[in-house]
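What follows is one structure encoded as structure tokens, with my remarks underneath.
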Amino acid sequence: MKDRDNKNSEEMSYEEAVKKLEEIVNRLENAEIPLEDSLSSFQEGIALSRYCREKLAEIEYKVEYLLKEEQQQSINSKDSPVDENAYNGDE
């Protein structure tokens, strides 16, 4: 069962995982459920929380990479000579 849960969380979008995590939190806060069910829900919540943190870290890495790449392209374009006539319509 643990493998199936892992596959489901891996296929889940970040938004779906957050929604499910919120549902678990609400269930734990608002319902009187047996201890075993509480523990199971808590474990599922921990797994979803970990999944969300990993997804955010992955997105953050991609954003940082793209920003560095854009910065490098900007630096490279400043270093290359510019033909001013190409920009003002003079030929």
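Taking interchain pairs and intrachain pairs at least six residues apart, which have beta carbon atoms under 7 angstrom, with the first residue in the range 45-73 and aliphatic (A, V, I, L, M) and the second surrounded by 11 or more Cβ atoms within 10 Å (Cβ to Cβ)?
Taking only residues 6 or more apart or on different chains, the pairs are A47/D5; A47/S9; L48/S9; L48/A17; L48/K20; L48/L21.
Select the helices (runs of 4 or more DSSP H) contained entirely in the chain, then report the ones holding at least 2 residues which are at pLDDT 95 or above.
14-30, 35-79
Every residue in the range 43-58 that is within 24 Å of A31 (Cβ to Cβ) and in contact with a helix residue (DSSP H, G or I) (Cβ under 7 Å, 6 or more places away or on another chain), please.
Answer for the range 43-58, where residues must be within 24 Å of A31 (Cβ to Cβ) and in contact with a helix residue (DSSP H, G or I) (Cβ under 7 Å, 6 or more places away or on another chain): E44, G45, A47, L48, S49, Y51, C52.
The values are calculated or read from the model by the stated rules, or taken from the named source; none is laboratory data. What you are looking at is a predicted structure, and each value in this text was computed from that prediction instead of being measured. Cβ atoms come from the backbone with ideal geometry, glycine included; neighbour counts cover every protein chain shown.
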